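**Q** I'd like to ask you about the structure that follows.
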Amino acid sequence: MTDLVWIKTFPDEAAAQRACALLREHGVECIAAEDPGKVTYVSLPPMRGYRLGVRADDVRAALELIWGQPVH
């Protein structure tokens, strides 16, 4: 997938896959992948999750489908 934009991070793979399935049902190509994580505090392990990516041209449609309302 070219021009990939990560639009949302989910706490678990199942949630990311459900969102991706919703987008695909509406013709939006997407990918769900493990987030490499971000270190917020040195003493804590990295925060991880699963992120959802779509083509740059599909960002608005994808966000509207996920949020259930128009994006301005």
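**Q** Is there a residue in region 29-49 that is touching an Asp or Glu at 6+ places or on another chain (Cβ under 6 Å) and modelled with pLDDT of 90 or more?
**A** So in region 29-49, the residues touching an Asp or Glu at 6+ places or on another chain (Cβ under 6 Å) come out as 48-49.
Going one step further and asking which of them are modelled with pLDDT of 90 or more, we end up with none.
No, that holds for no residue.
**Q** Something else: Quick one: Arg24 ticks every box in (1) modelled with pLDDT of 95 or more; (2) of a type in the set (D, E, K, R); (3) not in a helix (DSSP H, G or I) bar one, so which box is it?
**A** Going through (1) modelled with pLDDT of 95 or more; (2) of a type in the set (D, E, K, R); (3) not in a helix (DSSP H, G or I) one by one, Arg24 breaks only (3).
The values are calculated or read from the model by the stated rules, or taken from the named source; none is laboratory data. Just so we're clear, the structure is a prediction, and the values are computed from it rather than from any experiment. Positions of Cβ are backbone-derived with ideal geometry, glycine not excepted, and every protein chain shown enters the neighbour counts.
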